[in-house]
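To start, the structure under review is shown below, and the notes come after it.
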Amino acid sequence: MMGETIRIPIAGGLSLAADVAGPAEAPTVILGHGGGQTRHSWDKAEEQLAKAGYFAINYDLRGHGDSDWSTDGDYSLEARADDLAAVARVGSPTFALVGASLGGITAMVAASRGLSPAALVLVDIVPKMSARGVAKITAFMTGNPDGFASLEAAADAISAYYPDRPRPKDLSGLKKNLRQGGDGRWRWHWDPSWMHSPRGDPRELLNIMDAADWTDRVPTLLVRGMKSDIVDDDGVEDLRRRIPKLEIADIRGAGHMVAGDKNDEFNGAVIDFLRRVMPPT
């Protein structure tokens, strides 16, 4: 398959949207975006992975983008991990998981529940997250429940939250993360009930990782944005303790949204790692 969008069935009669690219028989790289984003945050990474010889699966998490919303409000870590296992069945038996923020948490939980990746890339996410950073992001994501009157208003809100990132002159790209309702207002392209549903105590992930049996056998890379609100030195050391062979790529000038801040550096670090631990041929 090359450069097409597919639907992947998951439990409960739902399905996930995914873009796939590259030779279908090649080792697979599954891209999982962060909470509140869509698969389009990985568009360039998907393209470059395919050019590097991998089969890329770039999917929208449940409740996000073009994927179905959970009819019973189940956005638990367990449900997301089961979704990821369904996505993995689409590709080849040899696959890597690349997950940013919520996508990275999902990958760690899925591996702890029996999914067996050949490699794991965590994008600015660790089990022991900065409580202050989590609170800041949560406040931003829940701060405009009625949406925005215009794309300009949405851009203003993003710039206020993240002033270090240049405000885009062309706002059309925001349409990938926002949807316009019948009232003309623009709202984030995800199910608002996700933010208000039980999403797990942060200690739950720590407990899951304490019981994990993959951390000494799965090559793992942490790509860290050096200006991140979520990953601090304490969190990095905690992850290194759990994964003694952990590799770290520090991306200077990048915040939590590493791929968006320094896309070329990010893609280069990920592909270099994958070529060593999971060659494309």
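Throughout, read-outs are computed from the coordinates displayed, never taken from laboratory work. Everything quoted here is computed from the prediction, not taken from an experiment. Counting neighbours? That spans all protein chains shown, and the Cβs are built from the backbone with ideal geometry, glycine included.
Tabulate in residue order the Karplus-calculated ³J(HN,Hα) for the range 73-84, using 6.51 cos²θ - 1.76 cosθ + 1.60 with θ = phi - 60°, rounded to whole Hz; enter x for Gly and Pro.
x, 7, 10, 6, 4, 5, 5, 5, 5, 5, 4, 5
Please work out how much length the chain gains when fully extended from ASP183 to GLU247, using 0.36 nm per residue of separation minus the C-alpha to C-alpha distance, in nm with one decimal. Show your work: numbers first, answer last.
On the way: separation 64, 0.36 × 64 = 23.04 nm, distance 4.80 nm.
Once the chain is fully extended between ASP183 and GLU247, it gains 18.2 nm.
As an exercise, use a Förster radius of 22 Å and the Cβ-Cβ distance of THR138 and ASP72 to find the FRET efficiency, rounded to the nearest 0.05. Each step should come with its number before you reach the end.
Working: r = 23 Å, r/R0 = 1.03.
E between THR138 and ASP72, to the nearest 0.05, is 0.45.
If you wrap the range 51-114's Cα atoms in a convex hull and average its projection over all directions, what's the area in nm²?
Numbers: hull surface 19.7 nm².
Quarter of the Cα hull surface area: 4.9 nm².
What percentage of all Cα-Cα pairs in the range 155-281 are separated by more than 23 Å? Walk me through the numbers before you get to the answer.
Working: 4230 of 8001 pairs.
Percentage above 23 Å: 53.
Got the relative contact order for the range 142-279 handy, in percent, Cα pairs under 8 Å and 6 or more residues apart?
Details: 123 pairs, mean separation 24.3, N = 138.
Relative CO of the range 142-279 lands at 18 percent.
Output the Cα-based Rg and Dmax of the range 85-139 in Å, rounding Rg to one decimal and Dmax to a whole number.
Gyration radius and largest Cα-Cα distance of the range 85-139: 12.9, 40 Å.
Tell me, what is the Rg over Rh of the range 1-132, with Rh the Kirkwood radius over Cα pairs? It would help to have the intermediate numbers written out before the result.
On the way: Rg = 13.6 Å, Rh = 14.5 Å.
Taking Rh as the inverse mean 1/r over Cα pairs, Rg/Rh reads 0.94.
If you take every DSSP beta bridge whose two residues both sit in the chain, what share of them, in percent to the nearest 5, is antiparallel? Write down the numbers at each step before the final one.
Values: 15 of 39 bridges.
Here the share of antiparallel DSSP bridges comes out near 40 percent.
As a test of the formula, what do you get for the chain when each DSSP H run with n ≥ 4 contributes -39,500 (n - 2.57) and the sum is divided by the residue count, at 222 nm and rounded to the nearest 500 deg cm²/dmol? Can you show the working numbers first?
Details: 10 runs with 96 residues, N = 281.
The helix contribution divided over the chain gives -10000 deg cm²/dmol.
Return P(r) of the range 236-281 (all Cα-Cα pairs; 10 Å bins starting at 0; whole %; ordered from short to long distances).
Computed distribution, short to long bins: 24, 41, 34, 1.
Assuming R0 = 41 Å, can you tell me the calculated FRET efficiency for the pair THR94 and ASP146, based on Cβ-Cβ distance, to the nearest 0.05?
Values: r = 46 Å, r/R0 = 1.12.
The calculated FRET efficiency here is 0.35.
Over the Cα atoms of the chain, compute the convex hull volume and normalise it per residue, giving Å³. List each step's numbers first, then the result.
Values: hull volume 34.5 nm³, N = 281.
Per residue, the Cα convex hull of the chain comes to 123 Å³.
Determine, for the chain, the count of lysine pairs separated by eight or more sequence positions (or lying on different chains) whose alpha-carbon distance falls under 15 Å. Walk me through the numbers before you get to the answer.
Numbers: LYS44/LYS176; LYS44/LYS262; LYS136/LYS227; LYS227/LYS262.
Qualifying lysine pairs in the chain: 4.
Largest first and to the nearest Å, give the Cα extent of the range 142-216 along each principal axis.
Principal extents (largest minus smallest coordinate, Cα): 47, 29, 19 Å.
Subtract the Cα-Cα distance of LYS51 and ARG203 from 0.36 nm times their separation in residues, and report this length gain in nm to one decimal.
Values: separation 152, 0.36 × 152 = 54.72 nm, distance 3.92 nm.
Taking 0.36 nm per residue and subtracting the Cα distance, the gain is 50.8 nm.
Which whole number in µm²/s is D for the range 59-163 by Stokes-Einstein, with the Kirkwood Rh taken over Cα pairs at 4 °C and 1.567 mPa s?
On the way: Rh = 15.8 Å.
Translational D for this selection: 82 µm²/s.
Which peptide among 86-99, 148-161, 21-34 comes first, and what is the full order, when sorted by highest mean count of other Cβ atoms within 10 Å? Intermediate results must be reported in sequence, preceding the final value.
Numbers: 86-99: 20.3, 148-161: 15.1, 21-34: 22.6.
Packing proxy ranking, top to bottom: 21-34, 86-99, 148-161.
Extension gain ARG165-ALA11, at 0.36 nm per residue separation less the Cα-Cα distance, in nm? Don't skip to the end; give the middle numbers.
Values: separation 154, 0.36 × 154 = 55.44 nm, distance 3.82 nm.
Once the chain is fully extended between ARG165 and ALA11, it gains 51.6 nm.
Per residue, how big is the convex hull of the range 1-70 when only Cα atoms are used? Give it in Å³.
Values: hull volume 5.4 nm³, N = 70.
Dividing the Cα hull volume of the range 1-70 by its residues yields 77 Å³.
Suppose we keep just the DSSP beta bridges with both residues in the range 86-219; what percent of those would be antiparallel, to 5?
On the way: 4 of 9 bridges.
The antiparallel proportion sits near 45 percent.
Could the peptides 101-107, 115-121 be put in order, highest first, of the mean number of other beta-carbon atoms found within 10 Å of their residues? Mind dumping the intermediate values first?
Numbers: 101-107: 25.6, 115-121: 21.1.
Those peptides, ordered most packed to least, come out 101-107, 115-121.
When ranked by the protection proxy of mean other Cβ atoms within 10 Å per residue, highest first, what sequence do the peptides 184-194, 258-268 form?
Details: 184-194: 17.7, 258-268: 19.7.
Ranked from most to least packed, the peptides come out as 258-268, 184-194.
Within the range 129-151, which residues have the backbone N less than 15 Å from the label spot 7 Å out from HIS196 along Cα→beta-carbon, could you tell me?
Counting backbone N atoms under 15 Å from the label point, the list is 141-147.
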